Amino acid sequence: MEDLSLPEGSLFLGFDTSTQSLKATVLDSNLNIVTTEVVNYDLELPHYKTESGVYRDPLINGRIVSPTLMWVEAFDLMLKRLQKKLDLNKVTAVSGSAQQHGSVYWKRDSWAILSSLDPKKPLVDQLRYAFSVNESPIWMDCSTTKQCKAIEEAVGGALELSKLTGSRAHERYVGPQIRKIYETQPKVYKDTERISLVSSFMASILIGAYACIDQTDGAGMNLMDIKQRIWSKKAIEVTAPNLEEKLGKLAPAHAVAGLIAPYFVERFHFNKDCLVVQWSGDNPNSLAGLTLNTPGDLAISLGTSDTVFGITKEHQPGLEGHFFPNPVDTESYMVMLVYKNGSLVREDVRNRCANRSWETFNTFLQQTPPLNGGKLGFYYKDNEILPPLPVGFHRYITSLDVNTLSVLEQEVKEFDPSSEVRALIEGQLLSMRAHAERSGMPNPPNRIIATGGASANNSILSSIASIFGCNVYTVQRPDSAPLGAALRAAHGWLCNKKGSFIPIADMYESKLHKTSLASKLAARAGTKELIANYAFVMEKRMEIETRLVQRLGRV
Ligand code: ADP
Ligand code: XUL
């Protein structure tokens, strides 16, 4: 048997440049958490004046961006804090997660700045003028509907693009975002020498050179051939001219991006042999951190966005789900659904109906009966991705007509506070179940592993178990993206040592239960009767949703 152990005493560091904060998790060689850290952008870097980490442009509908430099300054702060907590010299490998689909535009000649960082100065002072676009479009942006349509048309339709790249055109995807910059700011486009994803941007800083885009996060661009894992000539051609040279190369997620740059060795005392493993998207890293490795398992992440994801052996092109290469297995894919209205709309309802308190929110959830007496709600504080509906709240009271056995519905303006809370939670979960089933995800799943900030809420976990009809598990901490990044740092280090890919399960197989990756039961499946009743309500909800999309839908 090959020795797949990690060097005793070594540490593996994982970051997550997410929407609202930069997080870090450190694992030891037994894959136990040594420490975690977080820098909240709004609270700790208030001079950027972001709200929940972003700017919503009041003048351009759907334009949502984050200041690129804020991520850099958060990194300065994070490293300073980690240095106080740990001997960074013991870090054998580092990797990271980032919000998917955000893009960074490096100005001409910025490679020179990147490769000669002065260890006496913070990063923020040196990278201030390195970008041709100072505000990075992020995953919440939906200002590129026109570009999406043009790209889909040019390749022969939405399904064709989905076959080619793993997803139809989505407004937040980087291809449409690049096309918009090319169309609206051609000079800026011309002056851009490299385009990074947020993930490869952070890896670039760490290696002091432009890092490759990894094939998993790269699938979130509408530019990569999902089967061959190379840039698709066709998709590139219909997006913008001279694009391939600005994108650099693709690399597998388990590959080494490079050695850590001298800047970090001198300023923070990292070991000069510390490897930087390719960074990837937050959802793919969560998949790794949750040790999701059976096709029957599903994960639900309740962060700023809500996502549902699982593993599949086949790529089945469709119009709703997204397919990415599995970041820790070269043979399978990750399939995912994404909702823009996740935690921020839950906070909104909490503030309006439950005294700004999660405790009161949970009391309301517990006080109201499952199925909410037929009250159904659709809550979109931001233009939604799934379904493609604009900002707006829609509430219905449904009831069964016993004479005709049909379901009657009445649209209403408001619900009482506790029904509003339940309608919000049940509505999101019913939508997830319906769309997951439509996208061929397991029904019912073997089990669900929940993660993201709101997975700390047991009342929400119980609703997941009742609606999906399976047990719900959580891992030690709700932030699986930086945990997955630290795990991938260890995995990438091992693959590099062996000189070839090794299945990640081989790294932890027999001792998983002894590590911080072990999951624990958080909520038990609901009764068969309740699950069947939810299925009935789900059908009704989908009927109303289809009508809303026909009447108001964007794409
Ligand atoms: P991201 O990684 O996208 O920045 P997180 O996964 O860190 O986001 O989740 C942050 C969100 O978690 C916050 O917006 C907050 O609303 C939510 N959250 C934290 N605690 C709870 C709770 N007890 N119940 C519901 N939501 C919660
Ligand atoms: C995934 C997506 C979001 C971001 C959030 O497609 O858009 O989940 O990754 O960070």
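I'd like to check one number: the per residue accessible area of the chain, probe 1.4 Å, reported in Å² as a whole number. If you can, show how the numbers build up before the last one.
Numbers: 21250 Å² over 555 residues.
Heavy-atom SASA per residue in the chain reads 38 Å².
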Next item on the list: Enter the Cα centre distance for the pair the range 179-200 and the range 97-143, rounded to the nearest angstrom.
Entry: 12
Next item on the list: Using a 1.4 Å probe and ignoring any ligands, DNA or RNA, find the accessible area of Glu529 and quote it in Å² to the nearest 10.
Entry: 130
Notebook entry, point to check: So, with a 1.4 angstrom probe, what is the percent of accessible area on the range 433-514 that is carbon and sulfur?
Noted result: 44
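Tell me the Kirkwood radius of the range 59-172: reciprocal of the mean inverse pair distance over distinct alpha-carbon atoms, in Å. List each step's numbers first, then the result.
Working: mean 1/r = 0.0584 Å⁻¹.
Across the range 59-172, the inverse of the average 1/r is 17.1 Å.
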Notebook entry, point to check: In Å, what is the Rg of the alpha-carbon atoms in the range 443-555, and how long is Dmax?
Noted result: 19.3, 56
Notebook entry, point to check: Any idea what the dipole of the chain comes to, in debye rounded to 20, about its Cα centre with Lys/Arg Cβ at +1 and Asp/Glu Cβ at -1?
Noted result: 400
Notebook entry, point to check: When DSSP beta bridges are limited to those with both residues in the chain, what percentage is antiparallel, rounded to the nearest 5?
Noted result: 75
Margin query: What figure, in Å² to the nearest 10, do you get for the accessible area of Arg433 with a 1.4 Å probe and non-protein molecules left out?
Written below: 20
Notebook entry, point to check: For the range 244-297, which whole-number percentage of the solvent-accessible area (1.4 Å probe, protein heavy atoms only) is attributable to carbon and sulfur atoms?
Noted result: 53
Checklist line | Filter on Lys84/Lys120; Lys80/Lys246; Lys180/Lys227; Lys340/Lys520; Lys163/Lys246; Lys49/Lys107 - keep pairs with C-alpha separation over 21 Å | finding: Lys80/Lys246; Lys180/Lys227; Lys340/Lys520; Lys163/Lys246; Lys49/Lys107
Next item on the list: Could you please state, rounded to a whole Å, how far the C-alpha centre of the range 457-489 is from the C-alpha centre of the range 391-438?
Entry: 25
Checklist line | Solution diffusion estimate, µm²/s, Stokes-Einstein, the range 298-394, Kirkwood Rh from C-alpha pairs, 20 °C, viscosity 1.002 mPa s | finding: 137
Check: In whole percent, how big is the carbon plus sulfur part of the accessible area of the range 44-119, probe 1.4 Å, protein atoms only?
Finding: 54
Check: When you take every Cα atom in the chain, what is the radius of gyration, and what is Dmax, the widest Cα pair distance, in Å?
Finding: 22.8, 79
Check: So which trypsin sites (Lys or Arg not before Pro) in the range 4-81 pass both tests, a DSSP loop state and at most 13 other Cβ atoms within 10 Å of the Cβ?
Finding: Lys49
Check: Between the helical axis of 417-438 and the dominant principal axis of the chain, each derived from Cα atoms, what acute angle in degrees is found, rounded to the nearest 10?
Finding: 70
Next item on the list: Could you state the angle between the C-alpha long axis of helix 145-155 and the longest principal axis of the C-alpha atoms of the chain, as a value from 0 to 90 degrees rounded to the nearest 10?
Entry: 80
Check: Order of 195-203, 441-449 by packing, highest average Cβ count within 10 Å first?
Finding: 195-203, 441-449
Item checked: Simple Cβ-charge dipole of the range 68-223, Lys/Arg +1 and Asp/Glu -1, about Cα centre, in debye nearest 20 -> 300
Checklist line | For the chain, calculated [θ]222 nm from helices alone, where every DSSP H run of n ≥ 4 adds -39500 (n - 2.57) | finding: -11000 deg cm²/dmol
Item checked: Packing-based ranking, highest mean first, of 217-228, 152-163 given that Cβ atoms within 10 Å are counted -> 217-228, 152-163
Notebook entry, point to check: Relative to the first principal axis of the alpha-carbon coordinates of the chain, what is the inclination of helix 480-498, with its axis defined by its Cα atoms, in degrees from 0 to 90 and to the nearest 10?
Noted result: 40
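The values are calculated or read from the model by the stated rules, or taken from the named source; none is laboratory data. Worth saying up front: this structure is predicted, and the values here are computed from it rather than measured. Positions of Cβ are generated from backbone atoms using ideal geometry, with glycine treated the same way; all protein chains shown enter the neighbour counts. Areas reflect the complete protein model, heavy atoms only, side chains present, ligands, DNA and RNA absent. Shrake-Rupley method; radii C 1.70, N 1.55, O 1.52, S 1.80 Å.
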